[in-house]
Structure formats: C-alpha cells, structure tokens
1. So how much accessible area does residue 167 have, in Å² to the nearest 10, using a 1.4 Å probe?
2. Can you classify the stretch 252-338 as rounded, prolate or oblate using the Cα gyration tensor, where a ≥ b ≥ c are the square roots of its eigenvalues, rounded means a/c under 1.5, and otherwise it's prolate if a/b beats b/c and oblate if not?
3. Got the relative contact order for the chain handy, in percent, Cα pairs under 8 Å and 6 or more residues apart?
4. About its Cα centre, how strong a charge dipole does the chain have in debye, to the nearest 20, once Lys and Arg get +1 and Asp and Glu get -1 at the Cβ?
5. Give me the dipole magnitude in Debye, nearest 20, for the stretch 4-120 about the Cα centre, with unit charges on the beta carbon: positive for Lys and Arg, negative for Asp and Glu.
6. Quote the FRET efficiency, to the nearest 0.05, computed for residue 261 versus residue 325 with a Förster distance R0 of 45 Å and r equal to the Cβ-Cβ distance.
7. Excluding ligands and nucleic acids, what accessible area in Å² is computed for residue 73 using a 1.4 Å probe, to the nearest 10?
8. Accessible area of the chain with a 1.4 Å probe: how many percent of it is carbon plus sulfur?
Amino acid sequence: MSDTFDVVVVGGGIAGSALARALARADLSVLVLERQERFRDRVRGECMMPWGVVEATRLGVVELLLDAGGGFVNQAVGYDETVTPSEAEQQAVPLSIFAENVSGFLDVGHPQASEALSAAAGAAGANIVRGIGDVVVTAGTQPSVRYEHDGAEHEARCRIVVGADGRSSSVRKQLGIDLHETSARTMLSGLLVTDLQAWPAEQTTLGSCGDVHYLVFPRPGGVARLYLAYDVADKDRFTGPDRVRRFLDAFRVDSLPLGEAIAAATPAGPCAGHPGTDTWTDQPFREGAVLVGDAAGWSDPLIGQGLSVALRDARTVAGVLVEGDDWSPAAFSAYGEERAERMRRLRIAVSVMNDLRCDFSPAGRARRLAFFSGVMSDPSSIGLMLAIMGGPELPDPEIFDRGNIDRIHAMA
C-alpha cells in the first residue's frame, strides 16, 4: 500500500501535531505517524514559559491547550530555606513582565495537550495514523517512509520527512545525525496529584530545602504537577514500592506553606525520575528530512523549556514549508543556526540554575541567597531570567560570556 503526501511527520506529540496542524491549515497534504494509540502520562514537562505562550499564540493553539485542562499561572513565589515564607510572598514575581500580552506560565498536562493538538491536526485535514510499528525512513531527493500498521506494511512517499519522535528518535538515528549530551548533575522526579484545592491555582513555586529542590506547577481544579530535583548520585532515591509516599513526604518542609496539603494530595499518575541533561544536534536536517522537538535535542528540564522549544521548532519549520517551494537543506539553515544558539544559551542558563538551585552545600545556600536577593537589581542576573522566561534570544549576547557567568557563580 502506497500513498503520496507533501509531508510525513513521524511522531504526533506536541511538536509533531502542532506542526501538522499548521501545515494542513495551509493546504499541504500531511501524514502523521504516531506509535501510541493513546497518549499516557510519562512525567514530561507541563509548564510553558511566557515565550512559549507567544509561540502557542502565533500557532493559534492557546485556546486548544486551555480547553485541554490548561490554565495560566500569573505569579512565582520563591519559597526557600533562605527566606521566611512571608518574605518569599513579599518578593513574588509577576509573570506578566516577561512577554507582552502574556499573563504568565501556561500549565497543561502533556498527554492532554498532545491529544488536543493531534485532534486539531486531524480536524485541519492532516491524516493521523496511531499505533504504528517500526518505521524505516529514506531521505534524499525522493523521501519516503515505510511503516507497520494493523499487521501490514505501508509506504508513504513525500517531499520531506519530519522527525518529531522524541528523545530516542528513530528518524534521527536513521539520518545519521549525532546527538551531543552533557553530563547529568541532578535527577528530576515528578508526580501528578489531584485534590490539591488548597494550593492557589494562579501561583507556582520553586525553592530548595535540605537536599532537594522542589517545584509546584498547578492547574485548574486542584491538579498539580510536582517535581523534586536532587543529586544524581542519589538517582535511586525515589524508586521502590513506597516511592510515592517518600516523594510526597519530601514536601513536608517548614519553608513551604501548604507542604502538608501537598503531601496529603492524591497521586494521579506514575512517579518517575530522569537525569537532567542537555542535548543538541549540530545540524538538525538533511536532504529530504528535518528534526523538531526533542528529536533535535532537548534542554535540561530543570528550567522547564521543553514545551516552548517544541512550539518554536514547529512554528519555524512550518514557516519554511508554507512560505516557499525551496525545501532543500539550505532553506533550513537559518532554523539550524537559530536553534543551535537558542540551545547553547539555554545550556548556559541551566548550568547557572543548577549551581544556584541544586547545590545543597552551605556555599550553595549562600550563593542562592546572594543571587535571589539581588536578582532584580543586577543586569546580568535579569538577563539570565529573561532568557528562561522571555526567550533565550532576548538578552544581550555578553550575558552568556564566560566572564559574566563566572561572576554570577562567585556572587556569594
């Protein structure tokens, strides 16, 4: 069985479905191939930074994400052992300051967002095939994809193949594109909970106490995604049959108001951890193929860039495919260059945040206190926060110079 399309997208998650919807709305014929019959909770990023909301707005998918159970969070409170809870609340950061006409973070469930975007791509005219088996990609001047579905082998010819198939991307491997990866310094474990109506739905928090860094990302209706970051040497900390209880108990700290309410919330998904690494590809495209989202490299989830990166990729690649007939590697060079610099800046930002948030020594605690007490008066510190919240392209390039980063490290 053989069909012909303009674009075959391998992977129907956030990046793949957002891209497919944009292409289908521009009257391109699109086939989306997705392994999962139904998207499941795998403890993935669920906080979209303000710059990601700008991307979602440009793609026209904000309302889709809100209808999928998402909600806006408009302030961040840095509950931390270095300040009292009342001091943290007085220093709350309004999240509307980072992007024009964006009220803050958009927190949304990853599987729910994927389902909503997949359905929207189908409604726009994309062909969606779920439950596929092995995929064989042929790039070059006559791209094609062979795939298994319902016990039969199919072939789809196309003008270009888009690899949107996640971290372990089969498309990337078949294209021979190398993935560079940093060494992990922290583990990040997560858990979805419900029955947390006590927590303000418009407020997120992040802070450190003892030997953990905690993050709370609420959604409407008393739902929240909880994360704990800790030393990678203790990678098995939240494993075993009682891992959920030990994970929730870690929120019972004096620096975190409502920590008891968090610990008493109802688990609503798996409790799983992953090492925090950054990855990147030198050139996320080949003749007849291009990579988006995690397939092209990801940012350490400690700073929550995954959804924003995915939507920027989708919008940029859609622009190339919709706005011209040249789909050669040269047409994607600007995308590759922008993405490389974007991910480089995010690697630097997360390196600093790892030092600040996840160095649990006395020196780390002092450094954290010095940084966050002066963050709003120091241009370099503001620049790093702007990169994370408002977009990595916004700060002046010298913010990411080695000398400036060394100065921030030495603040304490």
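1. The accessible area comes out at roughly 90 Å².
2. Prolate, because a/c is 1.5 or more and a/b exceeds b/c.
3. 20
4. 460
5. Result for the stretch 4-120 is approximately 500 debye, rounded to the nearest 20.
6. The calculated FRET efficiency here is 0.20.
7. It works out to around 0 Å².
8. Result for the chain: 50 percent of the exposed heavy-atom area is carbon or sulfur.
The values are calculated or read from the model by the stated rules, or taken from the named source; none is laboratory data. Because the structure is a prediction, the values reported are computed rather than measured. Glycine gets a Cβ as well: all are built from the backbone with ideal geometry, and neighbour counts include every protein chain shown. All accessible areas refer to the heavy atoms of the entire protein, side chains included, with ligands and DNA or RNA removed. Shrake-Rupley method; radii C 1.70, N 1.55, O 1.52, S 1.80 Å.
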